[in-house]
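The block underneath contains the structure these notes are about, expressed in structure tokens.
The values are calculated or read from the model by the stated rules, or taken from the named source; none is laboratory data. Please read all numbers here as calculations on a predicted model, not as lab measurements. FYI the Cβ positions are ideal-geometry reconstructions off the backbone, even for glycines, and counts take in every protein chain you see. The area values use the complete protein model at the heavy-atom level, side chains included, leaving out ligands, DNA and RNA. Shrake-Rupley method; radii C 1.70, N 1.55, O 1.52, S 1.80 Å.
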Amino acid sequence: MSDTPTPPPSSSQPQSSSPEPSSSSSQSPTLPPHAGGSSAPQPQQPNSDRSSIIAVTALPVLVVIAGVLGFLSPDTFTPLAPSITWALGIVMFFMGLTLTLPDFARIAKKPWIAALGVATQFVAMPLLGLLVVTLYSLPTEIAVGVILVGCAPGGTASNVVTYLAKGDTALSVSITTLSTLLAPVLTPLLTLWLAGSYMDVPFWSMFVSICQTVLVPVIVGVIVRLVASKLVDKISPILPWFASIAIAYIVAVVVAGSAGSIATAGILVLLAVITHNVLGLGVGYGVAAACRLDTPTRRAMTFEVGLQNSGLASTLATTYFSPLAALPGAVFSVWHNVSGALLASVFARRPYGKPPRGQVTGDSRTQESGL
């Protein structure tokens, strides 16, 4: 869901605080410069890059079609509910295939920025979820679903959208990776804290489930890339499409399970999801701006906070709560791709220049005030 198409492999875009491109692995594509209006010829995008961009653009369409099929033929998809954990595992395995050792090294190079992104996500989105639940007086099962979406880690769609927005893609990958690694502990813990008053939250069962469906597949994917990098590079253009199909499959099954409630609760869920997502995007940008981070970093933080791994949320909700509790995750998977793509197109059309004279090279904290 939010684990949408896999990001451009090891994408590492240059920071606006330095004219030099940041280091990346040998597989890293050459990305376009941040500043708009450049007269320099643009390098051709690798096939994996183009495939990711097309897939993230087409994903909302695939998900809507899958949702319609699930709604119109619930008897076909409802019996498949136990298989969605495997579908999510496939998505996370594809995420692992896109990660390389330099992606983890980048976390160590700028740990405070990555930590800020993860902290903002795991603090802001769960609390915003609780705010939305209270604001709209949501029914119990839907309330748990909204909070669970907020407690999920970042989705890999944020990496692709950050790239499209000419943001700091390397930072985006780092934050997504770190939040995913912390999810087995933080997601069930935050859900227990915020949603425990609504329904019984099985912390340990959720912890084990997230390790099995998220952490293990990602680690296996990383290992496979290490031992078979040439093969992974060859098949990387089709990976986003496999991920998109798996996400659409999850949505079809989730919608089928709650088809009877969509007619009455669908509009309310959509309103709650839009509010949650828009507030998250705003908080992500606001925190980065308040910390005087540069423009590419602000854009990365915006999407890292606002775009969630709603596939994980839907899977956990289906497994441990109810089909209706999984509905917010399914709706979020559609909406956040739409909002992310729209905002990325706005950002991409807003050029920005170099940081002020005297700024320390490589430091993300600048005096810029533009988007």
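With every protein chain present, what is the per residue accessible area of the range 250-334 (1.4 Å probe, Å²)? Walk me through the numbers before you get to the answer.
Values: 2000 Å² over 85 residues.
That works out to 24 Å² per residue.
Using 0.36 nm times the number of residues separating V123 and L268, minus their current alpha carbon distance, what extension gain do you get? It would help to have the intermediate numbers written out before the result.
On the way: separation 145, 0.36 × 145 = 52.20 nm, distance 2.41 nm.
Answer, rounded to one decimal: 49.8 nm.
Subtracting the Cα-Cα distance from 0.36 nm times the residue separation, let me have the gained length for L226 to L342 in nm, one decimal. Walk me through the numbers on the way to the answer.
Working: separation 116, 0.36 × 116 = 41.76 nm, distance 3.48 nm.
That works out to 38.3 nm of additional length.
Could you give me D for the range 210-309, from Stokes-Einstein at 25 °C and 0.890 mPa s, where the hydrodynamic radius is the Kirkwood radius over C-alpha pairs? Units µm² s⁻¹, please. Each step should come with its number before you reach the end.
Values: Rh = 17.1 Å.
Estimated diffusion coefficient is 144 µm²/s.
Round to a whole angstrom and tell me the spacing of the C-alpha centers of the range 125-146 and the range 156-170.
Cα centroid to Cα centroid, the span is 28 Å.
Measure out, as a whole number of angstrom, how far apart the alpha-carbon centroids of the range 261-291 and the range 329-351 sit.
Cα centroid of the range 261-291 versus Cα centroid of the range 329-351: 12 Å apart.
Arrange the peptides 88-94, 260-266, 217-223, 282-288 so that the one whose residues have, on average, the most other Cβ atoms within 10 Å appears first. All intermediate terms of the calculation are to be shown ahead of the outcome.
Details: 88-94: 24.6, 260-266: 14.4, 217-223: 18.6, 282-288: 20.9.
Per-residue Cβ counts within 10 Å, averaged per peptide and sorted highest first, yield 88-94, 282-288, 217-223, 260-266.
If each residue of separation counts as 0.36 nm, what is the full-extension length gain between I238 and R349 once their alpha-carbon separation is subtracted? Walk me through the numbers before you get to the answer.
Details: separation 111, 0.36 × 111 = 39.96 nm, distance 2.82 nm.
Between I238 and R349, full extension yields an extra 37.1 nm.
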